[in-house]
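Enquirer: Structure below; questions to follow.
The values are calculated or read from the model by the stated rules, or taken from the named source; none is laboratory data. From a predicted model like this one, the values you see are computed outputs, not experimental measurements. Cβ sites come from the backbone with ideal geometry, for glycine too, and all protein chains shown count toward neighbours. Just so you know, the surface numbers come from the protein's heavy atoms only, side chains and all, with ligands and any DNA or RNA stripped out. Shrake-Rupley method; radii C 1.70, N 1.55, O 1.52, S 1.80 Å.
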Amino acid sequence: MNRDKVSHANSSPTYVIGSGWWCSDEADTQINPKRKKLGSDEQRKVEFFQIWLNNIQNYTSPASIVVVDSASPIKPDAELRAQTAWIELPFNARHATDHIGQWSGWVRSVLMSGQYALTTEADYFVYVEQDCLLKGERIIERCLEKMTTGLMFGAGEGTPQPLQQSFFIVDRARLSAFMKNLSDIQAPDSEMSPEWKFVFATWRPLVLCANLGLLKRKKNRARVARMAQRFFFDELPMAGGRTRPVPFDAKHYYFQHGSKDEIARHLEATRG
């Protein structure tokens, strides 16, 4: 895809922010022993939703905030849910390492909230995971100024994956094709990580190659990841996600899997 083709005449683009929801008194590792526990337990408590929602409302101006609930036994208070478009799925598909059906609960939340953005004709679909916090005035607009391909993900450097997905942006011009590509990948999430699925979903021929089993070798995947990053998607213009240290003094950043101390430092850094 030509990096110069995606643009919007509207100086004030609209965007929908999507996310997922799961909360339980039972430990994640008991529900799914294969899942690695990352970050503080604070971010897994129902009270963290208000911190996340306040963070979104302080630094972004979405047309809607869409939260896809995977039949969670514990939910935020009704007045908080009323500030979002709250969508309830009939079951918990669980984590990508041990899920039910074709997709994990996380991928289902992307597909559902992305479809909401598409059908409401928002200019952009923005996804912010429930344990992901942002800092910076007009942080979304800053990212859009740097976007050239219509897809923008977190950099994978410093992580075991080719990209990061706790905060990402998709232009409406590419959203329908991207979600179709993502849903057309035949391997379940437990066999092909959602991060690699995102890489392949950036270009239809990669989906076909993945379904034919041609992208299983690490060398082939590494080449594809470099090509996709060069031609088919941009990286967020700021540090963050899983990488450490969190740049608390930066004007803009994002992070997930925060420790108790990191969450406290973020709240101090964003106190206005």
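Enquirer: May I ask you to verify whether Ala85 is among the aliphatic types (A, V, I, L, M), under 24 Å from Ala228 (Cβ atoms) and open to solvent by 20 Å² or more (accessible area, probe 1.4 Å)? Walk me through it before giving the result.
Expert: Numbers: among the aliphatic types (A, V, I, L, M): yes; under 24 Å from Ala228 (Cβ atoms): no; open to solvent by 20 Å² or more (accessible area, probe 1.4 Å): yes.
In short, no.
Enquirer: Mind checking which residues of segment 173-206 are assigned to a loop (DSSP other than H, G, I, E, B) and either under 14 Å from the mean Cα position of the chain (by Cα) or not aliphatic (A, V, I, L, M) (or both)? First the steps, then the outcome.
Expert: Applying the first criterion (assigned to a loop (DSSP other than H, G, I, E, B)) to segment 173-206 yields 185-193, 202-203.
Scanning segment 173-206 gives Gln186, Pro188, Asp189, Ser190, Glu191, Ser193, Thr202, Trp203.
Enquirer: Do you know which residues across segment 209-235 are crowded, with 16+ Cβ neighbours inside 10 Å and either touching a Ser or Thr at 6+ places or on another chain (Cβ under 6 Å) or among the basic types (Lys, Arg) (or both)?
Expert: Passing the criteria: Arg221, Ala228, Phe232, Phe233, Asp234.
Enquirer: Just to verify a result, which residue in segment 90-133, among those that are among the β-branched types (Val, Ile, Thr) and surrounded by fewer than 18 Cβ atoms within 10 Å (Cβ to Cβ), is nearest to Gly240 (Cα to Cα)?
Expert: Pass one, segment 90-133, residues among the β-branched types (Val, Ile, Thr): 97, 100, 107, 110, 119-120, 126, 128.
Restricting the remaining residues to those that are surrounded by fewer than 18 Cβ atoms within 10 Å (Cβ to Cβ) gives 97, 100, 119-120.
Details: Thr97: 23, Ile100: 30, Thr119: 30, Thr120: 29 Å.
Looking at residues that are among the β-branched types (Val, Ile, Thr) and surrounded by fewer than 18 Cβ atoms within 10 Å (Cβ to Cβ), I get Thr97.
Enquirer: Scan segment 239-261 for residues that are free of Cβ contacts under 8 Å to residues at least 60 places away in the same chain and part of a helix (DSSP H, G or I) and jot them down.
Expert: Within segment 239-261, Asp261 is the sole residue that qualifies.
Enquirer: In segment 256-267, is there at least one residue being buried (at least 21 other Cβ atoms within 10 Å of the Cβ), hydrophobic (A, V, I, L, M, F, W, C) and either over 21 Å from Leu144 (Cα atoms) or at pLDDT 95 or above (or both)?
Expert: no
Enquirer: Please go through segment 171-208 and give me each residue that is open to solvent by 20 Å² or more (accessible area, probe 1.4 Å) and under 22 Å from Glu121 (Cα atoms), ordered by number.
Expert: Listed by number, the residues that qualify are Arg172, Ala173, Arg174, Ser176, Ala177, Lys180, Ser183.
Enquirer: With the structure loaded, tell me whether Val46 is at pLDDT below 85 and of a type in the set (Val, Ile, Thr) or whether it fails that test. Break it down into steps so the answer makes sense when it comes.
Expert: Details: at pLDDT below 85: no; of a type in the set (Val, Ile, Thr): yes.
For Val46, the condition - at pLDDT below 85 and of a type in the set (Val, Ile, Thr) - is not met.
Enquirer: Just a yes or no: is a residue in segment 158-170 farther than 23 Å from Glu121 by Cβ, in a helix (DSSP H, G or I) and open to solvent by 40 Å² or more (accessible area, probe 1.4 Å)?
Expert: Our first condition is that a residue be farther than 23 Å from Glu121 by Cβ; within segment 158-170, this holds for 158-166.
Next, only the ones that are in a helix (DSSP H, G or I) stay: none.
No, segment 158-170 contains no residue that is farther than 23 Å from Glu121 by Cβ, in a helix (DSSP H, G or I) and open to solvent by 40 Å² or more (accessible area, probe 1.4 Å).
Enquirer: Taking interchain pairs and intrachain pairs at least six residues apart, which have beta carbon atoms under 7 angstrom, with the first residue in segment 160-189 and more than 21 Å from His99 (Cβ to Cβ) and the second open to solvent by 10 Å² or more (accessible area, probe 1.4 Å) and modelled with pLDDT under 95?
Expert: Within 7 Å, the pairs are Asp171/Val6; Ala173/Val6.
Enquirer: What residue, among those in segment 41-58 that are assigned to a loop (DSSP other than H, G, I, E, B) and open to solvent by 70 Å² or more (accessible area, probe 1.4 Å), is nearest to Cys23 (Cα to Cα)? Show your work before the answer.
Expert: If we filter segment 41-58 for residues that are assigned to a loop (DSSP other than H, G, I, E, B), which is where we start, we get 45-47.
Those still in the list that are open to solvent by 70 Å² or more (accessible area, probe 1.4 Å) too: 45, 47.
On the way: Lys45: 7, Glu47: 10 Å.
By that ranking, first place goes to Lys45.
Enquirer: Out of the residues in segment 236-254 that are surrounded by 17 or more Cβ atoms within 10 Å (Cβ to Cβ) and in contact with a helix residue (DSSP H, G or I) (Cβ under 7 Å, 6 or more places away or on another chain), which is nearest to Phe48 (Cα to Cα)?
Expert: This residue is Val246.
Enquirer: Residue check: is Asn2 modelled with pLDDT under 75, surrounded by 14 or more Cβ atoms within 10 Å (Cβ to Cβ) and out of contact with any Ser or Thr (no Cβ under 6 Å at 6 or more places or on another chain)? Walk me through it before giving the result.
Expert: Numbers: modelled with pLDDT under 75: yes; surrounded by 14 or more Cβ atoms within 10 Å (Cβ to Cβ): no; out of contact with any Ser or Thr (no Cβ under 6 Å at 6 or more places or on another chain): yes.
Criteria not met by Asn2.
Enquirer: May I ask you to verify whether Arg230 is in a helix (DSSP H, G or I) and over 20 Å from Asn54 (Cβ atoms)? Steps first, answer last, please.
Expert: Working: in a helix (DSSP H, G or I): yes; over 20 Å from Asn54 (Cβ atoms): yes.
Against the criterion (in a helix (DSSP H, G or I) and over 20 Å from Asn54 (Cβ atoms)), Arg230 qualifies.
Enquirer: Among the residues of segment 150-193, which ones are of a type in the set (S, T, N, Q) and closer than 24 Å to Tyr59 by Cα?
Expert: Applying the first criterion (of a type in the set (S, T, N, Q)) to segment 150-193 yields 159, 161, 164-166, 176, 181, 183, 186, 190, 193.
Selection gives Gln164, Gln165, Ser166.
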